[in-house]
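A.B. asks: Pasting a structure here, questions to come.
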Amino acid sequence: MSVPQEHDYIGLSEPLPSGKPPSKNALNLKQTELRLGLPGSESPERKSVNGVSIFGKDLKDECNNAFCQGPLKNYVSGAKRGFSDAINGSGKWGLGINGGSEVDLGKNDVLFSPKGVNGNFKSNINLQAGNSVKEVCKSSPVVEEKKNGNGSTTPASKAQVVGWPPIRSFRKNTLATTTSKNSDVNTKSGSGCLYVKVSMDGAPYLRKIDLKTYSSYAQLSSALEKMFSCFTIGQYGDGLEGHERLSESRLMDLLHGSEYVLTYEDKDGDWMLVGDVPWEMFTDSCKRLRIMKGCDAIGLAPRTMQKCKSQN
Amino acid sequence: MDPDPNISDDPPSNSASSPFPDEVLERVLSFVDSHKDRGSVSLVRKDWYNAERWTRSKLFIGNCYSVSPEIVARRFPRIKSITLKGRPRFSDFNLLPQDWGANVHYWLVMFAKVYPFLEELRLKRMTVTDESLELLAKSFPDFKALSLSSCDGFSENGLKAIAIHCRNLTELDIQDSATEDVGGGWLSCFPENFASLEILNFASLNSEVNFDDLERLVSQCKSLRVLKVNESIILDQLQRLLVHASQITELGIGSFMQELTPRQHEDIEIAFRNCRKLQVLSGLWEATTPYLPVLYGACAGLTFLNLSGVPLQSGELAKLLAHCPNLRRLWVVDTVEDKGLEAVGSSCPLLEELRVFPADPYDHQHRDGVTELGFLAVSRGCRKLHYVLYFCRRMTNAAVVTIVQNCPGFTHFRLCIMTPGQPDYLTNEPMDEGFGAVAKTCTKLKRFSVSGLLTDKTFEYIGKYAKNVETLSVAFAGSSDWGMQCVLEGCPKLRKLEIRDCPFGDAAFLSGQGKYETMRSLWMSACNVTMKGCRLLAREMPRLNVEVINDEGSDDSQADKVYVYRSLAGPRRDAPPFVVTL
């Protein structure tokens with residue numbers, strides 16, 4: 001029985017543990033291995049081979065395994081721009097396969113040849129296509145542009161340059177919050193904000209908070225208390241004088257005690273009690289928050305249920 | 001070659017006796033408003049110089065370090081309105097360290113002594129502390145208008161002082177303040193019957209204000225014509241404000257995010273419709289699609305629509321623009337894409353200014369946004385276009401050539417191809433011909449920002465043709481010193497030159513030696529200028545301040561950031577340690 005082999009997406013097989021000497025047409029698998037990496041990171045053991053592209057024509061011709069355009073196209077489908085765009089002209093930049101639409105890959109044989117203004121060809125391939133990769137590559141590192149001796153710039157591949165593009169910071173903040181609202185909240189890993197709606201039963205309008213500004217449940221709950229305190233005061237308007245500030249302990253009682261329960265809707269659409277999972281897992285899966293009235297939260301918060309029952 | 005005639009200390013001499021008595025001259029001069037004209041007037045002869053200085057009431061200082069408060073106080077005895085600008089523009093993009101300077105305090109100390117009747121103060125890119133605001137509030141009983149654009153350093157305490165003490169305040173205009181949270185308590189500090197406000201803009205301050213106090217303020221200030229609220233104000237609150245202030249001409253909407261009842265929806269539609277004088281609309285953060293139509297009733301007279309805070313889609317924009325036939329200025333986010341810009345081209349024939357901002361400037365995988373096609377579509381439909389700021393990810397020379405053929409009247413052409421050094425995406429050539437066409441065709445061009453892959457050829461074109469250019473911004477462009485030299489030799493009206501990440505070195509830098517005194521300033525960062533070159537310039541030109549900021553851990557012989565500007569005040573007395581004046 002043959003040893004089962006692991007194949008990666010483009011069909012290159014791992015070198016067999018035993019026996020067979022590599023055929024003379026075998027590729028240097030380590031070099032051609034597709035790996036995920038942050039933009040700008042270069043794996044040290046990669047070297048370009050005599051200035052010829054790893055995907056150069058000669059290799060392509062020799063290729064007698066599944067390493068060809070087809071599977072590559074499938075792997076990177078979903079994004080729109082051709083690989084060639086990344087190399088052409090901006091060949092000063094490292095390669096980023098920004099994916100290729102079927103059309104682009106089809107018409108650009110250039111996909112497999114190097115083009116660079118300075119003849120540089122970074123053999124590092126940063127696959128950035130697809131959502132799965134996005135989670136690995138969080139935000140691009142902010143680096144100053146480096147310069148080489150002859151005055152032209154050799155920037156890190158697609159890394160963020162200080163102050164470029166020239167956008168004012170107040171504008172960045174505005175757009176970051178509003179665009180993250182429009183796109184699917186959890187796939188926007190690079191934007192640094194995670195705005196979710198927060199509703200409270202009985203309140204006339206909702207609020208929005210950026211989960212990324214908190215690092216623990218305690219911070220979140222105190223922020224929510226502050227935000228919604230005006231409504232809880234309203235609830236108890238008869239009991240308090242108009243200008244009396246609700247003490248922190250009373251507020252905590254209101255929110256943590258018998259009246260309210262903090263819940264969230266996760267990616268699957270289920271309503272969950274806040275606090276069960278680690279904070280990071282929570283921020284990854286939380287789509288919206290709801291401050292529920294205690295008695296509505298039956299099944300979510302046993303403690304609340306008991307209090308409800310005991311009050312009846 | 002002469003230093004700024006506005007601020008020069010030396011009066012011209014008299015050649016013959018004056019044909020006019022002083023009173024007549026002063027009366028005539030009191031109608032001359034522009035500071036440039038006044039500068040010219042002051043150069044004619046000594047009595048004109050004196051008449052001018054006695055009648056000048058508005059002071060404009062484009063670079064706060066070009067002159068000292070003492071010099072200003074000596075020359076102009078009767079100033080009522082002051083505009084002061086501080087940091088160089090590239091500080092907006094984090095190229096300048098914190099605490100670089102431009103603190104207004106020492107100016108205010110002088111003003112408090114010399115100009116007790118000061119009425120207006122407009123500051124841009126300056127640091128304004130609470131202490132300064134308190135000094136301002138207490139020193140000028142007639143004070144009317146405060147405008148802070150891109151300023152920092154203050155908190156709500158400073159604003160409270162203004163609200164409490166400035167009894168005649170007509171204008172409080174805070175724009176683009178991006179710094180730490182300024183609390184909202186100041187709004188509640190206006191006196192009980194305060195009614196003089198005409199302009200109130202706190203849109204860029206993030207904190208919540210007390211709505212009841214705001215409502216009271218708005219209802220009392222019957223002359224209010226500009227109201228720009230921040231995003232803590234939601235739609236139904238805005239509706240209540242509009243009921244009191246239907247006379248406004250400029251409105252900055254707060255947050256559009258709210259789930260409205262049908263009744264609320266109707267109320268706000270009516271409120272907008274009743275704002276018949278509305279000319280300017282902005283804000284609209286988190287505008288949700290269903291509610292955009294409530295605005296339609298307010299759009300008939302709109303001349304300026306600022307949607308730069310709300311990422312609309314093309315369809316939404318098209319529907320909105322159909323209601324704005326009088327639009328002259330439009331700011332949008334590139335989520336509207338080329339299709340949205342086609343709608344602009346077809347709906348806005350009177351358009352004069354277009355700014356398209358990127359929704360995701362740092363996301364290199366972002367394939368959406370606008371392209372050369374959108375720009376072309378606008379240029380075809382909006383022949384009066386003269387101001388453009390356009391962020392895109394691809395462009396072609398052919399498109400730019402066609403665009404300026406369609407709209408040869410550009411005065412401000414700021415095109416930003418967001419990937420540095422990117423060529424024409426169809427031909428792979430540099431963008432020289434495109435930008436060259438702009439220089440050639442747009443004879444009235446005053447402000448020019450270039451981008452993409454550019455060789456010295458672009459700068460040859462600029463030097464040869466762009467004779468009216470006053471502000472030039474260059475990044476990641478050029479091939480050699482020759483490029484910069486072409487500009488320095490060829491552009492007689494150049495006032496501000498800002499350069500980053502270009503291969504221009506000492507030869508080019510020093511070739512402009514004679515020119516820099518005719519300019520307001522030069523900024524060069526991440527170029528090839530050396531400390532030696534800077535020292536040479538400083539030595540040759542004593543009336544220039546040559547300041548260098550070096551980044552941590554960089555080569556000591558290179559000058560990472562160079563800021564050169566003419567000055568009558570000598571080297572800065574308040575320079576922080578990282579700013580080296582040579």
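Each reported figure results from applying straightforward, stated rules to the coordinates on display, with no laboratory input. Model, not experiment: these values are computed from the prediction. Quick reminder, even Gly has a Cβ in these numbers, built from the backbone with ideal geometry, and neighbours come from all protein chains shown.
A.B. asks: Taking amide H positions as placed 1.01 Å from N in the peptide plane, with prolines and chain starts having none, which residues 5 or more places from B:Leu284, or on another chain, fall under 5 Å of its amide H?
C.D. replies: Answer set, sorted by chain and number: B:Ile253, B:Gly254.
A.B. asks: Just to be sure I follow: if Rg is taken over the C-alpha atoms of chain B and Rh is the Kirkwood radius over the same atoms, what is Rg/Rh?
C.D. replies: Numbers: Rg = 25.1 Å, Rh = 25.8 Å.
My calculation of the ratio gives 0.97.
A.B. asks: What distance in nm separates the simple spin-label points at B:Arg167 and A:Ser285, each placed 7 Å from Cα in the Cβ direction?
C.D. replies: Label-label distance for B:Arg167 and A:Ser285, simple model: 6.4 nm.
A.B. asks: I need the trypsin sites (Lys or Arg not before Pro) found in segment B:54-111, filtered to DSSP loop residues with at most 13 other beta carbons within 10 Å of theirs. Present the calculation step by step, with values, prior to reporting the outcome.
C.D. replies: On the way: sites: B:Arg56, B:Lys58, B:Arg74, B:Arg75, B:Arg78, B:Lys80, B:Lys85, B:Arg89; in loops: B:Arg56, B:Arg78, B:Lys80.
Counting only loop positions with at most 13 other Cβ atoms within 10 Å, the trypsin sites (Lys or Arg not before Pro) in segment B:54-111 are B:Arg78.
A.B. asks: Stick to Cα atoms and the Kirkwood definition of Rh, then tell me Rg/Rh for segment B:505-582.
C.D. replies: Using Cα coordinates only, the ratio equals 0.93.
A.B. asks: Something else about it: How do B:Lys515, B:Lys444 line up, fewest other C-beta atoms within 10 Å first? If you can, show how the numbers build up before the last one.
C.D. replies: Values: B:Lys515 17, B:Lys444 12.
Result, fewest neighbours first: B:Lys444, B:Lys515.
A.B. asks: Sticking with this structure for a sec: Can you work out ³J(HN,Hα) from phi for every residue in segment B:115-124, in order, using Karplus 6.51 cos²θ - 1.76 cosθ + 1.60 and θ = phi - 60°, giving whole Hz and x for Gly and Pro?
C.D. replies: Taking θ as phi minus 60°, the curve returns 10, x, 9, 4, 10, 9, 9, 10, 10, 9 Hz for segment B:115-124.
A.B. asks: Loop-only GluC sites (Glu not before Pro) in segment B:136-205, please: DSSP not H, G, I, E or B, and at most 14 other Cβ atoms within 10 Å.
C.D. replies: Those satisfying the criteria are B:Glu180, B:Glu192.
A.B. asks: For an R0 of 35 angstrom, estimate the FRET efficiency from the Cβ-Cβ distance between B:Val243 and B:Arg27 and round to the nearest 0.05.
C.D. replies: It comes out at approximately 0.15.
A.B. asks: Could you list, in their original order, any pairs among A:Lys197/A:Lys226; B:Lys384/B:Lys493; A:Lys226/B:Lys228 whose Cα atoms are separated by more than 18 Å? Write out the running numbers ahead of the final one.
C.D. replies: Working: A:Lys197/A:Lys226 16 Å; B:Lys384/B:Lys493 24 Å; A:Lys226/B:Lys228 26 Å.
Going by Cα-Cα distance, B:Lys384/B:Lys493; A:Lys226/B:Lys228 fall outside the 18 Å limit.
A.B. asks: Once you keep just the Cα pairs under 8 angstrom separated by 6 or more residues, what percentage relative contact order results for segment B:505-582? Before the final figure, lay out the partial values.
C.D. replies: On the way: 131 pairs, mean separation 27.4, N = 78.
Here the relative contact order equals 35 percent.
A.B. asks: Once you have the Cα-Cα distance between B:Val580 and B:Lys319, take 0.36 nm times their residue separation minus that, and quote the gain in nm to one decimal.
C.D. replies: Working: separation 261, 0.36 × 261 = 93.96 nm, distance 5.45 nm.
Here the segment from B:Val580 to B:Lys319 would lengthen by 88.5 nm.
A.B. asks: Grab every C-alpha pair in segment B:367-460, bin the distances at 10 angstrom width from 0 up to the longest one, and report whole percents.
C.D. replies: Spelled out per bin, shortest first, that is 18, 57, 24, 1.
A.B. asks: I want the local charge near B:Leu302. Using Cβ-Cβ distances under 14 Å, sum +1 for each Lys or Arg and -1 for each Asp or Glu among the other residues. Provide the component values of the computation, followed by the final result.
C.D. replies: On the way: positive: B:Arg273, B:Arg276, B:Lys277, B:Arg328, B:Arg329; negative: B:Glu250, B:Glu352, B:Glu353.
Cβ neighbours under 14 Å give a net charge of +2.
A.B. asks: Here is a follow-up. Could you sort out which of B:Lys464/B:Lys532; B:Lys444/B:Lys496; A:Lys208/A:Lys293; B:Lys36/B:Lys138 sit more than 21 Å apart by Cα distance in this structure?
C.D. replies: On the way: B:Lys464/B:Lys532 30 Å; B:Lys444/B:Lys496 17 Å; A:Lys208/A:Lys293 19 Å; B:Lys36/B:Lys138 32 Å.
Beyond 21 Å between Cα atoms: B:Lys464/B:Lys532; B:Lys36/B:Lys138.
A.B. asks: Hey, what number do you get for chain B at 222 nm if only DSSP H runs of n ≥ 4 count, each worth -39500 (n - 2.57), divided across all residues, to the nearest 500? Can you show the working numbers first?
C.D. replies: Working: 19 runs with 180 residues, N = 582.
Calculated from helices alone, the mean residue ellipticity at 222 nm is -9000 deg cm²/dmol.
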